[in-house]
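Report on the following structure.
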Ligand code: HEM
C-alpha cells in the first residue's frame, strides 16, 4: 500500500500502473525488437545458431517475467488502480481490452514452448534448414505474430486502464 492508498508498489512510467505492469510493458517493447532482429538474422543473414540462442533466451526470460508478474497480480491485483474504477471495479472497455489481450497472450504462452521444443528436437545441431523447416517456418511465424499482437493489445489495455 502506498500514500495514495493503492495496493502494491508504484511503477516508474508515471502512470497509475503498479511496478510489475510497468516492467512488463517496457519488457515487451524489448522482446518485440529483439524478436524482429532474430527473425531478420535467420531470414536474411542465415545465422541459424544465433537465432536459436536468441529465441531460447527470449522464451526463458518471458516465462520468468510472466511468473513474477502473475505473483504480483495475485498478491495486489490491478483493478483499483484502473481508470474510472468504481468501488475497485474498472469499467467495461477496460475488461474488453483485457479479454482481447488474453486471447493473444494465452495462445502465445502455449505456442512458444511448442515451437521451441519441436525445433530443438527436429533441427540438426548446430541448426540449419531441414525437413522441419516446412513446419517451423509457418508455425514460428504464427508464434512471432502472436507475440507482437500480445504486446500491441497489452499496450492498448495498459493505456485504457492506467493512462486514459
Ligand atoms: C519461439 C521461438 C522461435 C520463433 C518465434 C522462431 C521464428 C522463426 C521464423 C519466423 C523463421 C522464418 C524466417 C523466414 O521468414 O524465413 C525461422 C526460421 C528458422 N528457425 Fe526459428 N524460431 C524460433 C525458435 C527456433 C529454434 C529453437 C531453433 C533451433 C533449434 C530455430 C531454428 C530455425 C531455423 C534453422 C530456421 C531456418 C529455416 C529455413 O529457412 O529453412 N528456431 N524461425
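Here are a few things to note about the model shown:
- Nearest 10 degrees, 0 to 90: helix 19-44 Cα axis against the chain principal axis: 20 degrees
- Pairwise Cα distances in region 83-124 exceed 17 Å for 55 percent of all pairs.
- Degrees separating the helix 92-122 axis from the principal Cα axis of the chain, which is the longest one: 20 degrees
- Once the Cα atoms are used to define both axes, helix 48-76 deviates from the longest principal axis of the chain by about 20 degrees.
- Simple label model, 7 Å out from Cα along Cβ direction - residue 40 to residue 118, nm: 2.7 nm
- Estimated purely from DSSP H runs of n ≥ 4, each contributing -39500 (n - 2.57), the mean residue ellipticity at 222 nm for the chain is -24500 deg cm²/dmol once divided by its residues.
- Stretchable slack from residue 56 to residue 128, in nm (0.36 nm times residue separation minus alpha-carbon distance): 24.4 nm
- A convex hull fitted around the alpha carbon atoms of region 41-134 yields 129 Å³ per residue.
- Computed Kirkwood radius, in angstrom, where 1/r is averaged over Cα pairs of the chain: 17.2 Å
- A viscosity of 1.567 mPa s and a temperature of 4 °C, combined with the Kirkwood radius over Cα pairs in Stokes-Einstein, give a translational diffusion coefficient for region 106-164 of 100 µm²/s.
Bear in mind these aren't lab numbers, they're just calculated from the coordinates by the rules spelled out. Everything quoted here is computed from the prediction, not taken from an experiment. Every residue, glycine as well, gets a Cβ built from its backbone with ideal geometry; the counts of neighbours run over all protein chains shown.
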